[in-house]
Amino acid sequence: QVQLVESGGGLVQTGGSLRLSCAASGRTFSSYAVGWFRQAPGKEREFVSALSWSGGTTDYADSVRGRFTISRDNAKNTVYLQMNSLKPEDTAVYYCAAEPRGDWSQRRSYNYWGQGTQVTVSS
């Protein structure tokens, strides 16, 4: 089992930055990949970014590439999502997810999810 708790969301103006954190507990953190997804009101949950267990391989949605950076600290059992140059369309609840089986950009690949943290970008 893996438990995930997100933090770091909030209200920020267009062009601002936020850093989300996802603290993991349960199974050995360094043994699995992690991902970030987001869900805006009335929309499907969508892939944002993913990171391999070692941190050596990353993946980003086209909409965030170049603005967001995913990283992990295995000593702290935490994964981060640094979000820069935020836009109103980034407004969503952000979720971290763990241990994908299959395509890590697909929601169905993950069994473990956090409760989410709200990010609101004002124009």
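When you scan segment 53-62, how many residues do you find that are assigned to a loop (DSSP other than H, G, I, E, B) and surrounded by 15 or more Cβ atoms within 10 Å (Cβ to Cβ)?
Number of matching residues: 3.
Might you let me know whether segment 72-87 holds any residue that is under 14 Å from residue 46 (Cβ atoms), at pLDDT 95 or above, in a loop (DSSP other than H, G, I, E, B) and touching a strand residue (DSSP E or B) at 6+ places or on another chain (Cβ under 6 Å)?
No: segment 72-87 contains no residue that is under 14 Å from residue 46 (Cβ atoms), at pLDDT 95 or above, in a loop (DSSP other than H, G, I, E, B) and touching a strand residue (DSSP E or B) at 6+ places or on another chain (Cβ under 6 Å).
Search segment 93-123 for residues being part of a strand (DSSP E or B) and touching an Asp or Glu at 6+ places or on another chain (Cβ under 8 Å), and hand back the single one that is farthest from residue 12 (Cα to Cα).
Taking segment 93-123 and keeping what is part of a strand (DSSP E or B), we get 93-98, 112-113, 117-122.
Checking the rest, the ones that are also touching an Asp or Glu at 6+ places or on another chain (Cβ under 8 Å) come to 94-96, 112, 117, 119, 121.
Numbers: 94: 14, 95: 18, 96: 20, 112: 28, 117: 14, 119: 8, 121: 5 Å.
Filtering first and then ranking leaves 112.
So which residues in segment 93-123 are touching a helix residue (DSSP H, G or I) at 6+ places or on another chain (Cβ under 6 Å), farther than 18 Å from residue 18 by Cα and surrounded by fewer than 15 Cβ atoms within 10 Å (Cβ to Cβ)?
Scanning segment 93-123 gives 101, 102, 103.
For segment 3-48, which positions are open to solvent by 30 Å² or more (accessible area, probe 1.4 Å), farther than 18 Å from residue 115 by Cβ and either over 16 Å from the mean Cα position of the chain (by Cα) or at pLDDT below 95 (or both)?
11, 13, 14, 15, 27, 28, 30, 31, 42, 43, listed by residue number.
Quick one: what pairs do we get from segment 68-92, first residue open to solvent by less than 50 Å² (accessible area, probe 1.4 Å), second part of a helix (DSSP H, G or I) and modelled with pLDDT of 95 or more, C-beta under 8 Å, 6+ apart or different chains?
Close Cβ pairs satisfying both conditions: 83/90.
The values are calculated or read from the model by the stated rules, or taken from the named source; none is laboratory data. Everything numeric in this text was worked out from a predicted model, so none of it was measured. A quick note on method: Cβ atoms are made from the backbone with ideal geometry, for glycine too, and the neighbour counts reach across all protein chains shown. Only protein heavy atoms, including side chains, enter the accessible area calculation; ligands, DNA and RNA are left aside. Shrake-Rupley method; radii C 1.70, N 1.55, O 1.52, S 1.80 Å.
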